[in-house]
Amino acid sequence: MRAETDRAKLEAFVIALGRAVRGPGRIYLAGGATAVWYGWRQTTVDVDLKADPEPAGFYEALAELKDRLGLNVELAAPDQFLPPLPGWQDRSLWIAQHGPIQFYHYDPYAQALAKLHRRHQRDLQDIEAMRKHGWIQPQRLHELFRQIEPQLIRYPAVDIPTLRRIVEEYCRGAT
């Protein structure tokens, strides 16, 4: 197990990944990586990311960089745990371009729903930070949840009534 990742290590990773790939693509950071980038947390256990579209040489670069920089990388994004939210790419937040890669933070609404699904204390703190920064509005979060709710049946790990209750409670309490 590698040490946790801080902002400096995360920035070094983003820059190095942009230099290491051989073609264009987009990388979406999610979870603790977003929280660390904005200073809501000092560290994260791993760097969650999604490549879409995947740049040429992406996997080779990951294999080399995770060892060289001593960080944990997970190919993980909210759309692996919940249905993708309509318009998630348009709501994703620009970070920078390094080499041929454009870096974004995955849609804050999708991240918030995935974090509500997990309900870890750090995740709940991240959601509050997103709300305080104006990245999510409780009413819009609830609307987006309602749009994907019929598709949740395809995600057997999700207890739909429980998630519905959690989202509704959060949205009522955060307004």
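The values are calculated or read from the model by the stated rules, or taken from the named source; none is laboratory data. Note that the structure is predicted; figures quoted are calculated from it, not measured. With ideal geometry, Cβ positions are generated from the backbone for all residues, glycine too; neighbour counts draw on all protein chains shown. These area figures cover heavy atoms from the full protein model, side chains too; ligands, DNA and RNA do not enter into them. Shrake-Rupley method; radii C 1.70, N 1.55, O 1.52, S 1.80 Å.
Say whether the condition of being among the small types (Gly, Ala, Ser) and either over 16 Å from the mean Cα position of the chain (by Cα) or at pLDDT below 95 (or both) is met by at least one residue in segment 45-54.
Checked segment 45-54: no residue is among the small types (Gly, Ala, Ser) and either over 16 Å from the mean Cα position of the chain (by Cα) or at pLDDT below 95 (or both).
Leu152: surrounded by 15 or more Cβ atoms within 10 Å (Cβ to Cβ), assigned to a helix (DSSP H, G or I) and among the hydrophobic types (A, V, I, L, M, F, W, C), yes or no? If you could, list the steps in order and put the result at the bottom.
On the way: surrounded by 15 or more Cβ atoms within 10 Å (Cβ to Cβ): yes; assigned to a helix (DSSP H, G or I): yes; among the hydrophobic types (A, V, I, L, M, F, W, C): yes.
Criteria met by Leu152.
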Just one listed residue, out of Tyr106, Tyr38, is open to solvent by 60 Å² or more (accessible area, probe 1.4 Å), in contact (Cβ under 8 Å) with a residue 60 or more places away in the chain and closer than 28 Å to His142 by Cβ, and it is Tyr38
Number of positions in segment 74-97 that are under 21 Å from Ala8 (Cα atoms) and either free of Cβ contacts under 8 Å to residues at least 40 places away in the same chain or open to solvent by 50 Å² or more (accessible area, probe 1.4 Å) (or both):
4
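State all residues of segment 14-35 that are buried (at least 16 other Cβ atoms within 10 Å of the Cβ) and more than 17 Å from Leu124 (Cβ to Cβ); if no residue qualifies, say none. Quick ask: steps written out before the conclusion?
Quick first cut of segment 14-35, residues buried (at least 16 other Cβ atoms within 10 Å of the Cβ) only: 14, 16-18, 20-21, 25-35.
Val14, Ala16, Leu17, Gly18, Ala20, Val21, Gly25, Arg26, Ile27, Tyr28, Leu29, Ala33, listed by residue number.
Looking only at residues that are of a type in the set (Gly, Ala, Ser) and in a helix (DSSP H, G or I) in segment 33-62, which one is nearest to Gly18 (Cα to Cα)?
Residues of segment 33-62 that are of a type in the set (Gly, Ala, Ser), as a first pass: 33, 35, 39, 51, 56-57, 61.
Those still in the list that are in a helix (DSSP H, G or I) too: 33, 35, 61.
Details: Ala33: 16, Ala35: 21, Ala61: 9 Å.
The selected residue is Ala61.
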Expected single match for in contact (Cβ under 8 Å) with a residue 12 or more places away in the chain and surrounded by fewer than 14 Cβ atoms within 10 Å (Cβ to Cβ) among Gln111, Gln139 is Gln139
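Would you please name the residue that is farthest from the chain's Cα centre (by Cα), looking only at residues in segment 116-131 that are charged (D, E, K, R) and crowded, with 18+ Cβ neighbours inside 10 Å? Spell out the reasoning first.
Restricting attention to segment 116-131, the residues satisfying the condition of being charged (D, E, K, R) are 118-119, 122-123, 126, 128, 131.
Next, from what is left, pick out any that are crowded, with 18+ Cβ neighbours inside 10 Å: 123, 126, 131.
Values: Asp123: 11, Asp126: 11, Arg131: 15 Å.
Among them, the one singled out is Arg131.
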Leu10, sole failed condition from (1) out of contact with any Gly (no Cβ under 6 Å at 6 or more places or on another chain); (2) under 26 Å from Pro84 (Cα atoms); (3) outside any helix (DSSP H, G or I)
(3)
Select from segment 155-174 the residues that are exposed (fewer than 12 other Cβ atoms within 10 Å of the Cβ) and assigned to a helix (DSSP H, G or I) and list them in ascending order.
Pro161, Thr162, Arg165, Glu169, Arg172, Gly173
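Would you check if Tyr59 is among the hydroxyl-bearing types (Ser, Thr, Tyr), open to solvent by 30 Å² or more (accessible area, probe 1.4 Å) and touching a helix residue (DSSP H, G or I) at 6+ places or on another chain (Cβ under 9 Å)? It would help to see each step written out before you state the result.
Working: among the hydroxyl-bearing types (Ser, Thr, Tyr): yes; open to solvent by 30 Å² or more (accessible area, probe 1.4 Å): yes; touching a helix residue (DSSP H, G or I) at 6+ places or on another chain (Cβ under 9 Å): no.
Criteria not met by Tyr59.
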Restricted to segment 41-56 and to residues being open to solvent by less than 50 Å² (accessible area, probe 1.4 Å) and among the β-branched types (Val, Ile, Thr), the residue nearest to Asp6 (Cα to Cα) is Thr43
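Tally up the residues in segment 63-116 that are part of a loop (DSSP other than H, G, I, E, B) and touching a His at 6+ places or on another chain (Cβ under 8 Å), please. Spell out the reasoning first.
Narrowing segment 63-116 to residues part of a loop (DSSP other than H, G, I, E, B): 70-72, 76-77, 81-87, 92, 99-100, 106-107.
Restricting the remaining residues to those that are touching a His at 6+ places or on another chain (Cβ under 8 Å) gives 81-82, 92.
Of the residues in that region, 3 qualify.
So is Asp6 surrounded by fewer than 19 Cβ atoms within 10 Å (Cβ to Cβ) and within 25 Å of Gln125 (Cβ to Cβ) or not? Before the answer, list the steps.
Values: surrounded by fewer than 19 Cβ atoms within 10 Å (Cβ to Cβ): yes; within 25 Å of Gln125 (Cβ to Cβ): yes.
Yes.
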